[in-house]
Amino acid sequence: MAKPLRLALGACIIQAEYGYSDEEITLQIQENPYLQYFCGYAGYDDERLPFDPSLMVYFRKRLTPEVLGEINEMILRDAKARQQEADTQQKDDNDNDANPPTGGGNSGTLIVDATCAPSEIRFPQDVSLLDEARENAEQIIDALQEQSTEKKPRTYRNKAHKDSLKYIRSRKHTEKKTREAIRKQLQYLRRGLSIIDAMLRSGLKLSPKQQLRLETLRNIYEQQKYMYDNHTHSVPDRIVSISQPFIRPIVRGKAGKPVEFGAKLDISVSDGWTRLEYWSFDAYNEATKLIETINCVIVKDLSRLGRNYVETGEFLEKVCPFLGLRFIAVNDNYDSVSPSSNAQLSASLANIVNDFYARDISRKVSTALHTKMEKGEYIGSWEKYGYLKDPENKNHLIVNPDTASVVRMIFEWRSTGMSYMGINRKLNEMGIPSPGQYKADRGIVTNNNQKERKILWNKHMITCILSDTVYLGQLAQHKSGQCPYAGVPFAHLDEQHWIVAENTHEAIIEQELFDKVQEINRATLETTKANHGKYDNLPKAQNIYGEKLICADCGARMKLHRSFSTKKDKVYFTFNCPTYSEHGKNGCVSKVKRKAELDEAVFQAIRAQMDVFMDKAYILKNLLERKQAMSKTTSRRRHKASLESKIKSVRSAIATLYVDFKDDLLTDTKYLMQKEKYQAEIAEAEAELSAIVQDENDTEETLIGEKKWASIVGEYADAEKLSEGMLKACVNLIKVHSDGSLVISFNYMEEFEELLATTNRLRKEVA
């Protein structure tokens, strides 16, 4: 039975708004009187479903953009007719009104714009999308397992879930960590899809909905694998939602929201009436659709079009003729259809003037800022540590009584010869909040204080405070420069370009104390320069571990440290925790690991893992040979031939059965029952035959996939010591504990675990 258009359209709108499934939308309409009213019901009816859930598929197919456009025009015609009737009535009531009628002609405003109707989906991060796809694959495996009597296959779902949570909970998602997480999830998803394929080959069936979901998962795997292999984040028809695979990312370039997810719409508004010109879930350039919507653009003057004379000239002379677009600038007397030579010259000159005006505004703004700096007005976003912005004048600094005393202590300690690190440690031991922590405690959010752990003092903070002349009551500004309009990048300026203003605010440090500290700083720098290269004759070492070697407690990357003997004739290399080195016990626990000992321990661990892998690979090879020998026995060959013969004979019987049905020798019921019985026999025989053929064709590659570890073993089998290439190929992460112990996580462990599982399974089969 046909359904009313209002019901179909209303159901689609409700589903898009609330994200209901096809089954849920029918139940919601049945139970909710408000939704029934929205869909055009004459009265409340909760005894029957509005329609079968499967009809939603046909609703979505029938309600094409063209049909929706026709519906929109019908609504507009009806609304306009009502408005005209109301206007006519009002005119009749006001026949004696002295006001003359207005309107008519071609006057009015047409607004054309493109927007995105966002869909309610989670922001599609690659790792989370793959994790969700893996979970969906496991749900399909569980559904297939309910039909099977075989042992449930191993999926490593718990380990996959832990890997996903580990990445999500990590404080910093570096590119390297993200790629590693994507690689793992791709392996888990690939394994799940392989298991599903094997179960389907055995004769198990999926519902139509599950088949669509499986196809979506395959597409996600192929897209993500392509992006991972090619180091890109773009792929045609990229899927960003498993439940709504038709949604595509729409790159709009808006501030704070450069990418949106949903349907992109072209809308025109004329005299308050809105028309949907075009919509699509695929990204498109709205400019191509504007050609179909408008053919003329009118502006007050050319400056409303643009102020860059090169780009504006390009638009007028090339873009408009190409698109067949008429452009009119009223005040400049310019019409692109028939421009006079004077109008063209005037337009070119106007564009140059407009460009000059923009540059002039930029120069004036810059000059105004420079004037503020020269007058001693503070223009920084955040006040300096030790000061506050004056509530009555944001460009003036006043002393902060809470932090000014800390600044004085830092200068006094340095004047006594205390080192940067000594000051750093003492401040942390006293529990004095660092500048970043002080802002965080006051509720000021910056890029540097959004971490979960406390922000401690460090050497950089101390050196910045000890060299800043702001504590003398003067401002040194314009230390960096940038001009995006002119294409000038950000850069630090030399001291000669700084703008310095004296006596702009109350000083915290006396000139004498400041000068004394600067002298100590210069002496320290000279000593450092003098010692530079002093020990170049002694051996140096390269840190091959990089981000793979971290502290087990704080997660910081261990740093390589070179120390010398008393006589300066020997050198020692150790890995230390940088957090403890800088902050002491307040930051972390002491960890020192000699490089030679670390290299040897990691090398032996890698060799041991290689040996285990090769042992298991050798065992797998022997088990496969035994299994293939068993499959070549006379009884298995006879059984295989028997199954092939059975399948052939049953298919012949089905053909004969059809002939009898056509000759009216069988009723419809008997024909269908007998045909279903024969098809079940064929499916059972084919599944059994497929298992035999699979056993015969089993190899290491078909059972465990790519053997990346095998190639690594072959490459580094003869290695006598640890190398950077060996470390990169074999090790994922090394954690150093306070007792000196190491926790090493190797690459390709999923492959190794799969090898172990396959070996154990084959051992049972050939037992």
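Bear in mind these aren't lab numbers, they're just calculated from the coordinates by the rules spelled out. As the structure is a prediction and not an experimental result, all values here were calculated from the model. As a convention, Cβ positions derive from the backbone with ideal geometry for all residues, glycine included, and neighbour counts pool all protein chains shown.
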Checklist entry - When a footprinting reagent is the concern and you count Cβ atoms within 10 Å, what order do Lys318, Lys177 take, fewest first? => result Lys318, Lys177
Checklist entry - Can you give the net charge of the other residues whose Cβ lies under 14 Å from the Cβ of Glu146, counting K and R as +1 and D and E as -1? => result 0
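Considering all projection directions equally, how large on average is the shadow of the alpha-carbon convex hull of region 126-245, in square nanometres? It would help to have the intermediate numbers written out before the result.
Details: hull surface 30.9 nm².
Hull-based average projected area comes out at 7.7 nm².
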Checklist entry - If we restrict to alpha carbons, what Rg and Dmax does region 5-63 come to, in Å? => result 10.3, 28
Checklist outcome for this item: Under 5 Å from the placed amide H of Ile242, counting only residues 5+ away or on other chains, we find none
Next on the checklist: What distance in nm separates the two pseudo spin-label positions at Thr274 and Ser741, each 7 Å out from Cα along the beta-carbon direction?
Outcome noted: 6.4 nm
Checklist entry - With labels modelled as points extended 7 Å from the Cα through the Cβ direction, what inter-label distance (nm, one decimal) is found for Ala2 paired with His478? => result 7.8 nm
Checklist entry - By counting other Cβ atoms within 10 Å of each Cβ, how are Glu138, Glu412 ranked from fewest to most? => result Glu412, Glu138
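Which of the residue pairs Lys205/Lys648; Lys172/Lys364; Lys459/Lys548; Lys172/Lys389; Lys166/Lys205 have a Cα-Cα distance greater than 31 Å in the structure shown? Please report the intermediate quantities before stating the final value.
Numbers: Lys205/Lys648 22 Å; Lys172/Lys364 42 Å; Lys459/Lys548 25 Å; Lys172/Lys389 33 Å; Lys166/Lys205 35 Å.
Checking Cα-Cα distances, Lys172/Lys364; Lys172/Lys389; Lys166/Lys205 exceed 31 Å.
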